Amino acid sequence: PAEETPQEEPPMTETSGKSTDAHHDVRTSRRRFIATAAAVAGATAVAAPAVHAQAPIKLKFQSTWPNKDIFHEFAGDYVKRVNAMTGGRVELELLPAGSVVPAFQMADAVSSGILDGGHGVAAYWYGKNKAFSLFGTAPAFGWDADELLGWIRYGGGQELYDDLVTNVLKLNLVGMLYGPMPTQPLGWFKKEITSADDFKGLKYRTVGLGADLNKELGAAVTIIAGGEIVPAIDRGLLDGAEFNNPSSDLVLGFPDVSKIYMIQSYHQALECFEILFNKTKFQGLPQDVQAILRSAADASSSDMMWKAQDRYSKDLEAIKARGVKVLPTPKPMLEAQLAAWDKVIANLSADPFFKKVIDSQKAWAQRVV
């Protein structure tokens, strides 16, 4: 402001005393007002950033995959997308399997609040209820993984999943199924598989309902996490094993312990990933953040499918370059798998909830496929 020209104050006289005192009071009040206004403005300027810059919501998020596996990378893609879409309001911290709990304990850790969230597959919780595997490794009804996710979103699958998690198993979880996976290879073996008879007595690793299927074929099934498979083959504890795809199989070291890779199979003709959050924690988040966590799964689902097309095909070529024989699973083996599925489904459908899910899946596949 421009500097005011100082004015001479009138001299004090008996007749002007009151007027001069009043003038002085006005000037004093004006100074106080200006000082107070300046102080308030200053305080507001200092306080303003604190009002808008809230601390980010930090969530501890563990995958069920080794750090070097492409599946952990897929989990990381989801985490990056959430962190970007929330503009820094949310910070998901991604940890590999075993950082807080072993892979197969992730769901319990999220349910109890030890972890805020996690990334895995529904088949890993098969030990809680065999119907859990239907949401990840469903039977071969002629459908693919994208059609499985269609059933989840529009065929009643999500409602059945929520019923299983909340009412049947009493878990404190919110689950989002996403990320369609292509048909998985039969796996890695010490010698070529020519018929179903070769599976009798075979020490074989798989997960979920694939375990029931291969037991029906006579295999001695072992269920272990991905990072443990190759060491088990190397020590002779397994004769054969499947994990999921060429990229994972290559980085996990399968070509170091086996030179026979059989592709095509009905044991896991379709599968999808699962993102879990602690239900209490999730419901306490702002509504728009909840929506972003769900929408980020949809966006990551598409991106994952496209990335898999690129990476899996490149890594299959790299596997061949390592001297591995890549062979198609013979038709008699595939037919034996379908027959085994019929028996497994019939046996497990004695459980009413399992049957309810199977019937829903069959109706969707009949209509859509």
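The values are calculated or read from the model by the stated rules, or taken from the named source; none is laboratory data. Just so it is clear, the model here is predicted, and its values are computed rather than measured. Cβ coordinates were reconstructed from backbone atoms using ideal geometry, including for glycine residues, and neighbour counts include every protein chain displayed. For accessibility, only protein heavy atoms count, side chains too; no ligands or nucleic acids. Shrake-Rupley method; radii C 1.70, N 1.55, O 1.52, S 1.80 Å.
Do any of 200/259; 128/259; 130/190 go past 23 Å between their Cα atoms, and which?
On the way: 200/259 21 Å; 128/259 35 Å; 130/190 30 Å.
Checking Cα-Cα distances, 128/259; 130/190 exceed 23 Å.
Take residue 294 and residue 338, extend 7 Å from each Cα along the Cα→Cβ direction, and tell me the distance between the two endpoints in nm.
3.8 nm
By the scheme Lys and Arg +1, Asp and Glu -1, what is the net charge of all other residues having a beta-carbon under 12 Å from that of residue 70? Could you put the intermediate results ahead of the total?
On the way: positive: 68, 307, 311, 314; negative: 69, 73, 77, 249, 310, 315.
Neighbour charge sum, excluding residue 70 itself: -2.
Give me the number: length gained by fully extending residue 162 to residue 192, i.e. 0.36 nm times residue separation minus the C-alpha to C-alpha distance, one decimal in nm.
Values: separation 30, 0.36 × 30 = 10.80 nm, distance 4.16 nm.
Length difference between fully extended and current span is 6.6 nm.
So for each of 247-259, 326-338, 147-159 I average, over its residues, the number of other beta carbons within 10 Å; can you give me the resulting order with the highest mean first? All intermediate terms of the calculation are to be shown ahead of the outcome.
Working: 247-259: 20.4, 326-338: 16.1, 147-159: 18.2.
Order by mean packing, descending: 247-259, 147-159, 326-338.
Taking only Cα atoms, what is the 0 to 90° angle, nearest 10, from helix 70-85's long axis to the longest principal axis of the chain?
So the inclination is approximately 20 degrees.
For segment 70-96 and segment 180-196, compute the distance between their C-alpha centroids and round to whole Å.
Using only Cα atoms, the two centres lie 32 Å from each other.
Using Cα pairs under 8 angstrom and six or more residues apart, how large is the relative contact order of segment 172-244, in percent?
Details: 86 pairs, mean separation 28.0, N = 73.
Once normalised by length, the contact order is 38 percent.
Per residue, how much accessible surface does the chain expose to a 1.4 Å probe? Answer in Å², no decimals. Present the calculation step by step, with values, prior to reporting the outcome.
Values: 17760 Å² over 369 residues.
With the other protein chains kept in place, the chain gives 48 Å² per residue.
Would you please give the residues with an amide H less than 5 Å from that of residue 64, counting only those at least 5 places away or on a separate chain, with H modeled from the backbone geometry?
Amide H to amide H, under 5 Å and 5 or more residues apart or across chains, residue 64 pairs with 119.
Read phi for every residue in segment 249-256 and hand back ³J(HN,Hα) as whole Hz from Karplus 6.51 cos²θ - 1.76 cosθ + 1.60, θ = phi - 60°, with x for Gly and Pro.
The phi angles translate into 4, 5, 6, 6, x, 4, x, 6 Hz.
To test your reading of the geometry: what angle, between 0 and 90 degrees and rounded to tens, separates the Cα axis of helix 17-52 from the longest principal axis of the chain?
With rounding to tens, the tilt is 10 degrees.
What does the charge count around residue 298 come to, taking other residues whose C-beta lies under 11 Å from its C-beta (Lys +1, Arg +1, Asp -1, Glu -1)? Show your work: numbers first, answer last.
On the way: positive: 81, 153, 294; negative: 303.
Every neighbour counted, the sum reads +2.
Give me D for segment 216-369 in µm² s⁻¹, whole number, from Stokes-Einstein with Rh from the Kirkwood sum over alpha-carbon pairs, 10 °C and 1.306 mPa s. Could you put the intermediate results ahead of the total?
Details: Rh = 19.1 Å.
The estimated diffusion coefficient comes to 83 µm²/s.
Keeping the other protein chains in place, figure out the carbon and sulfur percent of the accessible area of segment 294-340, with a 1.4 Å probe. Mind dumping the intermediate values first?
Values: 1440 of 2530 Å².
Ligands and nucleic acids excluded, carbon and sulfur give 57 percent.
For helix 331-348, report the angle its Cα long axis makes with the longest principal axis of the Cα atoms of the chain; keep it between 0 and 90° and round to the nearest 10°.
Value to nearest ten degrees: 70.
Can you tell me which of 239, 116, 351 moves the most in a GNM of the chain? Springs connect C-alpha atoms under 10 Å apart.
Ranking 239, 116, 351 by mean-square fluctuation puts 351 first.
I want to check the label-to-label distance for residue 108 and residue 91. Put each point 7 Å from Cα in the C-beta direction and report it in nm to one decimal.
Spacing of the two 7 Å Cα→Cβ label points: 3.1 nm.
Rolling a 1.4 angstrom probe over the protein chains, ignoring ligands and nucleic acids, what is the accessible area of residue 344 in square angstrom, nearest 10?
That residue has around 10 Å² of solvent-accessible surface.
In nm, what is the difference between 0.36 nm times the number of residues separating residue 223 and residue 320 and their Cα-Cα distance? List each step's numbers first, then the result.
Details: separation 97, 0.36 × 97 = 34.92 nm, distance 2.71 nm.
My answer for the length gained is 32.2 nm.
Which whole-number percent is the relative contact order of segment 128-218 (Cα, under 8 Å, 6+ apart)? Intermediate values should be presented prior to the final figure.
On the way: 43 pairs, mean separation 32.3, N = 91.
That works out to 36 percent.
Tell me which lysines have Cα within less than 16 Å of residue 58's Cα, excluding those fewer than 8 residues away on the same chain?
80, 279, 281
May I ask you to list the aspartates and glutamates whose Cα is less than 13 Å away from that of residue 307, ignoring any residue fewer than eight positions away on the same chain?
Within the straight-line cut-off, residue 307 pairs with 73, 77, 315.
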